[in-house]
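Laboratory data are not the source of any read-out in this text; all were calculated from the coordinates shown. Just so it is clear, the structure is predicted and the values come from calculations on it, not from any experiment. Methodologically, a virtual Cβ is constructed for each residue, glycine included, from the backbone with ideal geometry; neighbour enumeration extends over all protein chains shown.
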Amino acid sequence: MITRFAQPEHRFILWLAMQDRLLTKERLNRLTIPVENDTCCLCEKSVEETHIHMFSTCEWIVRVQIEMQHWSGILISADTVKHILNRLRRKNWKQFHKELIAALCGAMIYQVWRARNWKLFKDITINTNTSVTQIKKEFVDRLENHQGNLYKKKV
Ligand SMILES: [Zn+2]
């Protein structure tokens, strides 16, 4: 399922996210590792940083989702990663289409996780436009590579 379009580092984050294993503050709390401030650092909502918040309801990821939806024409609903990927598995879409969406999810999750870590550990804010630009660039590169490979096969 996880997908030749996804970058290796995205695949790993995506895999962790699917298992709810990224070390969000909620998870640290559950593991009884003390967290000074357990709220999300990407928005002003003062809500606990959970998987569900970070990957589906936080305004940061919602903004990225909306942008990516406009750009790709693919509807990416606000939903948790697992649900998205499970739904994908059942849908009767072409493999290529599924892989694109899975890679898109992977890229978005990677970006939100990176933005969170930079904010938290370096106090650097990555705005959503920067991430959106990055995702688009990676996708165009990947698709060009993919087409390049197809072309090579034919020759
Ligand atoms: Zn948030």
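At-a-glance table
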quantity: Ascending count of other beta-carbon atoms within 10 Å, so fewest first, for Ile33, Ile76, Ile126; calculated: Ile33, Ile76, Ile126
quantity: Label-point separation in nm, Thr130 to Leu28, each point 7 Å along Cα→Cβ; calculated: 2.1 nm
quantity: For the stretch 27-103, the Rg and Dmax computed from alpha carbons only, in angstrom; calculated: 15.2, 46
quantity: Relative exposure of Val81, Val47, judged by other C-beta atoms within 10 Å (fewest first); calculated: Val47, Val81
quantity: Ratio Rg/Rh, restricted to the chain and using Cα atoms, in which Rh is the Kirkwood radius; calculated: 1.00
quantity: Positive minus negative residues near Ile124 (Lys, Arg vs Asp, Glu; Cβ under 15 Å); calculated: +3
quantity: Sorted peptide list for 127-137, 49-59, criterion being average Cβ within 10 angstrom, highest first; calculated: 49-59, 127-137
quantity: Degrees separating the helix 8-18 axis from the principal Cα axis of the chain, which is the longest one; calculated: 50 degrees
quantity: Equivalent ellipsoid, the stretch 99-150 (semi-axes from 5 times Cα gyration tensor eigenvalues, Å); calculated: 26, 11, 8
quantity: Rounded to the nearest 20 debye, dipole of the chain from Cβ charges on Lys, Arg, Asp, Glu; calculated: 940 debye
quantity: log₁₀ of I(q)/I(0) at q = 0.15, 0.23, 0.24 Å⁻¹ - the stretch 68-128, Debye sum with one point per alpha carbon; calculated: -0.53, -0.96, -1.01
quantity: Length released on extending from Leu88 to Asp141, taking residue separation times 0.36 nm less the Cα-Cα span; calculated: 16.7 nm
quantity: Residue order, fewest to most surrounding Cβ atoms within 10 angstrom, among Lys45, Lys119, Lys94, Lys25; calculated: Lys94, Lys45, Lys119, Lys25
